[in-house]
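> Input: one structure, supplied below.
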């Protein structure tokens, strides 16, 4: 059953979950755009990305635009899809260089689950697309 309007506690939980993801992504994009030298300084070596200002600006823009789309309810699903693609690239990068699984490689998965979980809790369109079934299935 998908409700047209989420229950109050569901909406609050969704907003909190989404808000945490949004804060992290805005911080990450903002750091790359406002202080690319700092982002370069704290980027682990060996990722395979050029560690230059232009790359940091590009990554910052590629993260900022979908995050802004995710914030606005009318375009939140598009933003979530685009952020999922960005996170997929981050996961692939960490798999390629053999980063620690739970702390680095799966971090993008954790963010993605929070991203979609928050959206599922606050948006009936997503609940209609991804219904959770309880009880015995037919």
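The values are calculated or read from the model by the stated rules, or taken from the named source; none is laboratory data. Computed from a predicted model, the values in this text were never measured in an experiment. Every residue, glycine among them, receives a Cβ derived from its backbone with ideal geometry; neighbour counts consider all protein chains shown.
> Can you pull out every residue in the range 103-124 that is out of contact with any helix residue (DSSP H, G or I) (no Cβ under 7 Å at 6 or more places or on another chain) and either modelled with pLDDT of 95 or more or closer than 24 Å to residue 6 by Cβ (or both)?
Listed by number, the residues that qualify are 106, 107, 110, 113, 124.
> Hey, does the range 64-73 have a residue that's within 14 Å of the chain's Cα centre (by Cα), surrounded by 14 or more Cβ atoms within 10 Å (Cβ to Cβ), farther than 15 Å from residue 86 by Cα and modelled with pLDDT of 95 or more?
Yes: the range 64-73 contains one or more residues that are within 14 Å of the chain's Cα centre (by Cα), surrounded by 14 or more Cβ atoms within 10 Å (Cβ to Cβ), farther than 15 Å from residue 86 by Cα and modelled with pLDDT of 95 or more.
> Also, quick follow-up: Regarding the range 62-69, can at least one residue be identified that is under 16 Å from residue 28 (Cα atoms), part of a helix (DSSP H, G or I) and in contact (Cβ under 8 Å) with a residue 40 or more places away in the chain?
Scanning the range 62-69 turns up at least one residue that is under 16 Å from residue 28 (Cα atoms), part of a helix (DSSP H, G or I) and in contact (Cβ under 8 Å) with a residue 40 or more places away in the chain.
> Looking only at the range 20-37, filter to residues that are more than 15 Å from the chain's Cα centre (by Cα) and free of Cβ contacts under 8 Å to residues at least 24 places away in the same chain; which one of those is surrounded by the most Cβ atoms within 10 Å (Cβ to Cβ)?
35
> Also, I was wondering about something else. I need the full set of residues from the range 94-103 which are surrounded by 17 or more Cβ atoms within 10 Å (Cβ to Cβ) and either over 18 Å from residue 84 (Cβ atoms) or within 10 Å of the chain's Cα centre (by Cα) (or both), in order please.
99
> List the residue pairs whose Cβ atoms are under 9 Å apart, where the first residue sits in the range 124-138 and is on the phi < 0 side of the Ramachandran plot and in a loop (DSSP other than H, G, I, E, B), the second is surrounded by 11 or more Cβ atoms within 10 Å (Cβ to Cβ) and modelled with pLDDT under 75, and the two are 6 or more positions apart or on different chains.
So the pair list comes out as 131/2.
> How about the range 38-60: which of its residues are part of a helix (DSSP H, G or I) and touching a helix residue (DSSP H, G or I) at 6+ places or on another chain (Cβ under 7 Å)?
38, 39, 40, 53, 56, 57, 59, 60, listed by residue number.
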